[in-house]
Every structure is written in structure tokens, then in C-alpha cells.
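For reference, the structure discussed in these notes is given below.
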């Protein structure tokens, strides 16, 4: 499983309800989903950032590119193709910072590990490195 697949799996696992509500809203509002579904979008983004550390890392590292692209799209709503260069820069940033560290996939730090006990044998989540 690559990083993108793992990220999607973690978002689905931890934020399935938020993802479902956002998808339903978008489907029910094809003409103005971007305005009607802002609450669901924010809830999904917050849940994803709180539960999938690679997302938070990429958002922090690529913040200037995200803001540049968002501003461009808002300014050029009639012709968003004007923003292709901004989108390319954002894409390159996410490609650069969205990779797992050489130590392998992140894993959950179990409560007993936090207290200094022996590490748990399995789990996913974040444990440093990125």
C-alpha cells in the first residue's frame, strides 16, 4: 500500500462519518456544493488533520502554496485554468512532503508505550519522523 492509499484508508477509518456527510452534501447540491457543504468540508478537514498526521505535516509544509492556489481560484472563478501554475507548485510541494520517512509507516503510540512500558506489537498512526 502506498502513502496515498494508506492516507485514504486512515481518513476513512478515523473520519468515515465526516467523509460520508460531506459526500452526501456534495451529491445533494451539485450546483452550489462548494458553498452549501462548507461545514461538512471543515469537519472532514479537521478530523483528517487531527487523526492522520501526514495530512497535518503536508498542510504545514505547503501552506504558502495552498494559500496561493486558493487565492488564485477565488480571484479567477470564471476561469480557474489561470491557476494551473499555482496548482502545479502545490502538487510538487505535496509530492515532496507527502512521503513517509525512511523509518517506514507511522504507527500508533499505545498508552503503555507512553508510560515507558514495552511497545505494542501492532497499530497504525504517527510516531515522529515526519
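Observations
- Highest average packing first - 32-39, 72-79, Cβ atoms within 10 Å: 32-39, 72-79
- Spin-label pair residue 91/residue 60, simplified geometry with 7 Å Cα→Cβ offset, distance in nm: 2.7 nm
- Gain in span if fully extended, residue 24 to residue 84, counting 0.36 nm per residue against the direct Cα distance: 18.8 nm
All of the numbers you see were taken from the coordinates with simple rules; none came from a lab. No experiment lies behind these values; they were computed from the predicted model shown. All Cβ positions, glycine included, derive from the backbone under ideal geometry; neighbour counts span all protein chains shown.
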